[in-house]
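Peer 1: This structure is in structure tokens; I'll ask about it shortly.
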Amino acid sequence: MSPHFIFRAAYSWRPFNEAIILNNMINVKLTLILEKTPIPIFYQLLSKGFIIHARTGCSIKELLCEQFGIKNDYLDKRIQTIFLDNKTVDDVKSTFIRNGSTLALSAAMPGILGATLRKGGWYAPMRREISHDKDIPSDTGKKGKITVKLFNLIVRELGPLFLEQGIRVKGEDFYDIVARNENIFMAGCKKAIKDGNDIDPEKLIEVEWEGKQVLLQIKATMN
Amino acid sequence: MDKILRIDMGANGGPKTDVQPLGDYAGLGGRAMTSGIVAKEVPPLCHPLGENNKLVIAPGMLSGSAAVQSGRISVGCKSPLTGGIKEANSGGQGAQVLARLGYAAIILEGKPKDDTLYKVFINKDGVKIEPDNSLKMLGNYDLVDKMKGAYGDKIACMSIGPAGEMKMSAASVAFTDMELRPTRHAGRGGVGAVMGSKGVKVIVLDDTGTTFRVPKDPDKFKEANKAFTQGLKKHPVTGEGLPAYGTNVLTNVLNEAGGYPTNNFSSGQFNGASKISGETLAETETARGGKATHGCHKGCVIQCSGTYNDKDGNFLTKQPEYETIWAHGGNCGIDDLDAIAMIDRLDDDFGLDTIEMGAAIGVAMEAGIAKFGDAEAAINLIKEVGQGTPLGRVLGNGAAVTGKVFGVERVPVVKNQALPAYDPRAVQGIGVTYATSPMGADHTAGYAVTANILKVGGDVDPLKPQGQVELSRNLQIATAGLTDSTGMCLFIAFAILDQPDTFQALLDIVSGFTGVPFTADDAAALGKSVLTNERNFNFAAGFSKKDDRLPEFFTKETVPPHNIAFKVSDEELDQVFNW
């Protein structure tokens, strides 16, 4: 699915980009220029969760469609399973994001579990104990930090775009991905820029990543 | 598919075969056939490994036809694990080939006079049974290679590994896939032990010279099959999600829901989930030259399977299912895909139910036999099962036995069968199915998410907070009547839930094939009939409503992140089968 069907053209995703750049808690800024092949190995970071700054106190729908610029149709039809703070979401208009929230987005899932966890689905009563109750907004309009997780088809479709904008991740998580996929990464990494300076991709393994916050930006080469 | 093959393994002078017409079993397939025969012919109080038990192998009613997704095969008996009736089903080539050979069921009866091991060969010309003690204690992979050498590569095999020969309660019956690998298993309930008790190591099927089964109304069947295929391909689950990631796509989602049982059900979330998720699995398979999209039998258009290569790019195992990766992964605190894939390979080779073995090892880890997260120890424990060491024999008889031997209270079983990969405290409606299914804890017993279409067991308002009992009832009826008996893969469910025209196409496939109208009401009636047979058998075998309960710890212990216990009352559980 191309970005044309996912994002509203008028918004692009500048607000999101600015939010990340405003973050002053970053220890390392790392930009990688990769061939397309190794990019999916970093989807694990997106599934494990990355932090962004956004306006909180808004509904999930407002966050995704107004702040991120995701099209209503994509949210309605493609993002079929949503969790806010581990609870399943049925109504994206009446469930609100708070500072510190964790929001996870998934496509429709198979089987009875998929049907049960689906937003507003027939089988929602089967998981009513973990369903998100309707609530009222708080901290409206304030900026806060939220953790976003992208799964399955959603990470495949939104992942490259989020990576291109830059995501904030733990240094040890970045190292773990590179170490476990070293051959694929090294073969496909064309350029690495750490804190504004070029760095040999092979040297990335030697960097001390433990305990550091990394603003990771991944761009694909044109070929 | 107009005959039943009975093989009396205890006959004087050696095994004797008898091919019979369908008689009272005409029109049945899959689970309806196996449970129908077991309920009618097996004394409920018999010993599961004794001469009076029967092992029934039945393709679905559509298997062997050109209907897509119709390759499920059912294996039924009195279970040595639960002590009740059992139906375990599998993909692979077995259903299609057996159906094309014309058999609606194979029934293994009686008990051999000695410990001679037999192989059975079936082709269009008949049945041949031979003793072959050279097969003793062979793993399924070596066994199939040997059969390939003897009969060529146009065959399909149903077999047991060492676990079945040792009559372990976690033993499976293996079915070969399209590449003639023993990767598909009727895993649950110890059906492999019953095959072992009959002295049958392998049934080799060769359908050379046969053709697709012919529908009664070819035009209607063809048109419906085409519409059904299109429906599956256009749906995001069956057309995109499952082909891309397989069933393991559920790992991240269940973990996020706090319903991913971790370290023997002591937490609802696993920190290493993203390392063993479907997304990571697919990327790993692709990077190593394996396949992330592959079918388990001919005629599959969903293609939810794949092939998992080792780090050197050599085939190790098929793409493990979600339940396998959970059982040997998060449930044991293991986040190493290579280790989990190795255990899956060993399970397939020894002929073991991956869910039961993962649960048993989880219980053993809780008992201190190994540490949670110790992948090497888990691999060694599985090897002990394959070797039949004393510890291996304990583990190979399942989580309940393991818990008793080591004095563990937190043992996740219902009717002695291990719970699959969804914590019933988070998704309590599935806990209702775990508790009440005649099969013991079984995630597939209430899987056919068509209950709202079938309108079985009464309407349920999904917007009301109540309804878990009613939904479970409806799901169990729909599963028994619509998927388990037709031979259709369970994963068709979402497409027929969302797309009424696809559901109608499925009904039209059945009626186009049989020439008899088949409606939603017919499917519901069949489902109720199957469940009634099964529950009556279990009652006669000594079960009561007290067996329709989750283990006590689920009602007492709360686990993060939701910190809630299972709340559905006993009185509500007792209403599930009141229709």
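The values are calculated or read from the model by the stated rules, or taken from the named source; none is laboratory data. For clarity, every value in this text was computed on a predicted model and none was experimentally measured. Every residue, glycine among them, receives a Cβ derived from its backbone with ideal geometry; neighbour counts consider all protein chains shown.
Peer 1: Looking at (1) at positive phi; (2) modelled with pLDDT under 95, which one does B:Gly373 not meet, given that it meets all the others?
Peer 2: Just one mismatch for B:Gly373, condition (2).
Peer 1: With respect to B:Val56, is the statement that it is touching a Gly at 6+ places or on another chain (Cβ under 6 Å), free of Cβ contacts under 8 Å to residues at least 60 places away in the same chain and either outside any helix (DSSP H, G or I) or at negative phi (or both) true? Step through it out loud before you land on a result.
Peer 2: Values: touching a Gly at 6+ places or on another chain (Cβ under 6 Å): yes; free of Cβ contacts under 8 Å to residues at least 60 places away in the same chain: yes; either outside any helix (DSSP H, G or I) or at negative phi (or both): yes.
The answer is yes for B:Val56.
Peer 1: Continuing with this model, one more query. How do the pairs read when you match residues in the range A:71-88 that are more than 7 Å from every other protein chain (Cβ to nearest Cβ) and acidic (Asp, Glu) with residues anywhere that are part of a strand (DSSP E or B) and surrounded by fewer than 20 Cβ atoms within 10 Å (Cβ to Cβ), using Cβ under 9 Å and keeping only pairs 6 or more apart or on different chains?
Peer 2: Once the first residue is more than 7 Å from every other protein chain (Cβ to nearest Cβ) and acidic (Asp, Glu) and sits in the range A:71-88, its partners that are part of a strand (DSSP E or B) and surrounded by fewer than 20 Cβ atoms within 10 Å (Cβ to Cβ) give A:Asp85/A:Thr102.
Peer 1: Quick check on my filter: what residues within the range A:186-215 are in contact with a Phe, Trp or Tyr (Cβ under 9 Å, 6 or more places away or on another chain) and closer than 23 Å to B:Lys311 by Cα?
Peer 2: Those that are in contact with a Phe, Trp or Tyr (Cβ under 9 Å, 6 or more places away or on another chain) and closer than 23 Å to B:Lys311 by Cα: A:Pro201, A:Leu204, A:Ile205.
Every residue, every condition in (1) within 14 Å of chain A (Cβ to nearest Cβ); (2) more than 18 Å from B:Ala435 (Cα to Cα); (3) in contact with a Lys or Arg (Cβ under 9 Å, 6 or more places away or on another chain); (4) assigned to a helix (DSSP H, G or I), yes or no:
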{"site": "B:Arg473", "(1), (2), (3), (4)": "yes, no, no, yes"}
{"site": "B:Met488", "(1), (2), (3), (4)": "yes, yes, yes, no"}
{"site": "B:Asp501", "(1), (2), (3), (4)": "no, yes, no, yes"}
{"site": "B:Ala505", "(1), (2), (3), (4)": "no, yes, yes, yes"}
{"site": "B:Asp508", "(1), (2), (3), (4)": "no, yes, yes, yes"}
{"site": "B:Ala523", "(1), (2), (3), (4)": "no, yes, no, yes"}
{"site": "B:Leu526", "(1), (2), (3), (4)": "no, yes, no, yes"}
{"site": "B:Thr532", "(1), (2), (3), (4)": "no, no, no, yes"}
{"site": "B:Arg535", "(1), (2), (3), (4)": "no, no, no, yes"}
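Peer 1: Which of the numbered conditions does A:Val92 fail, given that it passes all the others? Conditions: (1) modelled with pLDDT of 90 or more; (2) within 14 Å of chain B (Cβ to nearest Cβ); (3) within 30 Å of B:Asn474 (Cα to Cα).
Peer 2: For A:Val92, the exception is condition (2).
Peer 1: Can you tell me which residue among B:Lys233, B:Lys222 is assigned to a helix (DSSP H, G or I), at pLDDT below 95 and surrounded by fewer than 19 Cβ atoms within 10 Å (Cβ to Cβ)? Even if it seems obvious, please write down each step before you answer.
Peer 2: Numbers: B:Lys222 fails: at pLDDT below 95.
The unique qualifying residue is B:Lys233.
Peer 1: What number of residues within the range A:116-152 are more than 14 Å from chain B (Cβ to nearest Cβ) and either at positive phi or modelled with pLDDT of 85 or more (or both)?
Peer 2: Just the residues of the range A:116-152 that are more than 14 Å from chain B (Cβ to nearest Cβ), to begin with: A:135-146.
Still in the running and either at positive phi or modelled with pLDDT of 85 or more (or both): A:139, A:141, A:143-146.
Qualifying residue count, the range A:116-152: 6.
Peer 1: Inspect the range B:204-215 for any residue being buried (at least 24 other Cβ atoms within 10 Å of the Cβ), outside any helix (DSSP H, G or I) and within 11 Å of another protein chain (Cβ to nearest Cβ) and give the result as yes or no.
Peer 2: No; the residues of the range B:204-215 include none that is buried (at least 24 other Cβ atoms within 10 Å of the Cβ), outside any helix (DSSP H, G or I) and within 11 Å of another protein chain (Cβ to nearest Cβ).
Peer 1: Right, here's the next one. Exactly one condition in (1) touching a residue at least 60 places away in the same chain (Cβ under 8 Å); (2) on the phi > 0 side of the Ramachandran plot is false for B:Gly313; which is it?
Peer 2: Of (1) touching a residue at least 60 places away in the same chain (Cβ under 8 Å); (2) on the phi > 0 side of the Ramachandran plot, only one is false for B:Gly313: (1).
Peer 1: Something else about it: Return a yes/no flag: does the range B:261-273 have any residue that is outside any loop (DSSP other than H, G, I, E, B), over 24 Å from B:Gly27 (Cα atoms) and within 25 Å of the chain's Cα centre (by Cα).
Peer 2: Let us first name the residues in the range B:261-273 that are outside any loop (DSSP other than H, G, I, E, B), namely B:262, B:267, B:273.
Imposing the further condition that a residue be over 24 Å from B:Gly27 (Cα atoms) reduces the set to B:262, B:267, B:273.
Keeping just the survivors that are within 25 Å of the chain's Cα centre (by Cα) gives B:262, B:273.
So far as the range B:261-273 goes, yes, one or more of its residues are outside any loop (DSSP other than H, G, I, E, B), over 24 Å from B:Gly27 (Cα atoms) and within 25 Å of the chain's Cα centre (by Cα).
Peer 1: Collect the residues in the range B:241-280 that are of a type in the set (A, V, I, L, M, F, W, C), more than 7 Å from every other protein chain (Cβ to nearest Cβ) and under 17 Å from B:Ile355 (Cα atoms), keeping them in residue-number order.
Peer 2: Once the filter is applied, which keeps residues that are of a type in the set (A, V, I, L, M, F, W, C), more than 7 Å from every other protein chain (Cβ to nearest Cβ) and under 17 Å from B:Ile355 (Cα atoms), the range B:241-280 yields B:Phe265, B:Ile276.
Peer 1: Now, a different point. Condition first: within 27 Å of B:Ser169 (Cβ to Cβ), out of contact with any Phe, Trp or Tyr (no Cβ under 7 Å at 6 or more places or on another chain), outside any loop (DSSP other than H, G, I, E, B) and among the acidic types (Asp, Glu). Can you find one or more residues in the range B:305-322 that meet it?
Peer 2: No, every residue in the range B:305-322 fails to be within 27 Å of B:Ser169 (Cβ to Cβ), out of contact with any Phe, Trp or Tyr (no Cβ under 7 Å at 6 or more places or on another chain), outside any loop (DSSP other than H, G, I, E, B) and among the acidic types (Asp, Glu).
Peer 1: Only residues that are among the basic types (Lys, Arg), over 26 Å from the mean Cα position of the chain (by Cα) and assigned to a loop (DSSP other than H, G, I, E, B): list them for the range B:546-571, please. Walk me through it before giving the result.
Peer 2: Kept after step one, since they are among the basic types (Lys, Arg), are these residues of the range B:546-571: B:546, B:549, B:556, B:567.
Remaining after also requiring over 26 Å from the mean Cα position of the chain (by Cα): B:556, B:567.
Across the range B:546-571, the qualifying residue is only B:Lys567.
Peer 1: Moving on. Here are A:Leu63, A:Leu46, A:Leu103: which of them is surrounded by 22 or more Cβ atoms within 10 Å (Cβ to Cβ) and not in a helix (DSSP H, G or I)? Before the answer, list the steps.
Peer 2: Numbers: A:Leu63 fails: not in a helix (DSSP H, G or I); A:Leu46 fails: not in a helix (DSSP H, G or I).
That would be A:Leu103, the only listed residue that is surrounded by 22 or more Cβ atoms within 10 Å (Cβ to Cβ) and not in a helix (DSSP H, G or I).
Peer 1: Give A:Ile97, A:Ile112, A:Ile70, A:Ile41 a once-over and let me know the one that is among the aliphatic types (A, V, I, L, M) and surrounded by fewer than 22 Cβ atoms within 10 Å (Cβ to Cβ). Steps first, please.
Peer 2: Numbers: A:Ile97 fails: surrounded by fewer than 22 Cβ atoms within 10 Å (Cβ to Cβ); A:Ile112 fails: surrounded by fewer than 22 Cβ atoms within 10 Å (Cβ to Cβ); A:Ile70 fails: surrounded by fewer than 22 Cβ atoms within 10 Å (Cβ to Cβ).
Of A:Ile97, A:Ile112, A:Ile70, A:Ile41, the one residue that is among the aliphatic types (A, V, I, L, M) and surrounded by fewer than 22 Cβ atoms within 10 Å (Cβ to Cβ) is A:Ile41.
Peer 1: Still on this structure, I have one more. Considering only the range B:374-387, I want to know if a residue exists there that is outside any helix (DSSP H, G or I) and surrounded by fewer than 24 Cβ atoms within 10 Å (Cβ to Cβ).
Peer 2: Narrowing the range B:374-387 to residues outside any helix (DSSP H, G or I): B:374.
Checking the rest, the ones that are also surrounded by fewer than 24 Cβ atoms within 10 Å (Cβ to Cβ) come to B:374.
Among the residues of the range B:374-387, at least one is outside any helix (DSSP H, G or I) and surrounded by fewer than 24 Cβ atoms within 10 Å (Cβ to Cβ), which makes the answer yes.
Peer 1: So which of B:Gly92, B:Gly64, B:Gly10, B:Gly71 is touching a strand residue (DSSP E or B) at 6+ places or on another chain (Cβ under 6 Å), assigned to a loop (DSSP other than H, G, I, E, B) and not hydroxyl-bearing (Ser, Thr, Tyr)?
Peer 2: Working: B:Gly64 fails: touching a strand residue (DSSP E or B) at 6+ places or on another chain (Cβ under 6 Å); B:Gly10 fails: touching a strand residue (DSSP E or B) at 6+ places or on another chain (Cβ under 6 Å); B:Gly71 fails: touching a strand residue (DSSP E or B) at 6+ places or on another chain (Cβ under 6 Å).
Criteria check complete, one pass: B:Gly92.
Peer 1: Could you please let me know if B:Val127 is within 25 Å of the chain's Cα centre (by Cα) and either under 15 Å from B:Lys198 (Cα atoms) or touching a residue at least 12 places away in the same chain (Cβ under 8 Å) (or both)? I'd like the intermediate steps shown before the answer.
Peer 2: Values: within 25 Å of the chain's Cα centre (by Cα): no; either under 15 Å from B:Lys198 (Cα atoms) or touching a residue at least 12 places away in the same chain (Cβ under 8 Å) (or both): yes.
No: the conditions fail for B:Val127.
Peer 1: Sort through B:Asp344, B:Asp338, B:Asp423 and tell me the only one that's assigned to a loop (DSSP other than H, G, I, E, B) and closer than 21 Å to B:Lys275 by Cβ. Even if it seems obvious, please write down each step before you answer.
Peer 2: Values: B:Asp344 fails: assigned to a loop (DSSP other than H, G, I, E, B); B:Asp338 fails: assigned to a loop (DSSP other than H, G, I, E, B).
Only one candidate passes the filter, namely B:Asp423.
Peer 1: Look through the range B:316-340, keep the residues that are surrounded by fewer than 24 Cβ atoms within 10 Å (Cβ to Cβ) and without any contact (Cβ under 8 Å) to a residue 60 or more places away in the chain, and return whichever of them is farthest from B:Ala421 (Cα to Cα).
Peer 2: Step by step, filter the range B:316-340, then rank; the result is B:Leu316.
Peer 1: Next question. If you go through the range B:347-368, how many residues are farther than 19 Å from B:Tyr260 by Cα and in contact with a Lys or Arg (Cβ under 7 Å, 6 or more places away or on another chain)?
Peer 2: Matching residues across the range B:347-368 total 1.
Peer 1: Having 2 or more residues that are crowded, with 16+ Cβ neighbours inside 10 Å and out of contact with any helix residue (DSSP H, G or I) (no Cβ under 6 Å at 6 or more places or on another chain) is the bar; report the strands (runs of 3 or more DSSP E) wholly within the range A:150-223 that clear it.
Peer 2: Details: elements: A:167-170, A:189-194, A:213-220.
The strands (runs of 3 or more DSSP E) meeting that bar are A:167-170, A:213-220.
Peer 1: Does the range B:171-183 contain any residue that is in contact with an Asp or Glu (Cβ under 6 Å, 6 or more places away or on another chain), surrounded by fewer than 23 Cβ atoms within 10 Å (Cβ to Cβ) and within 30 Å of B:Asn416 (Cα to Cα)?
Peer 2: no
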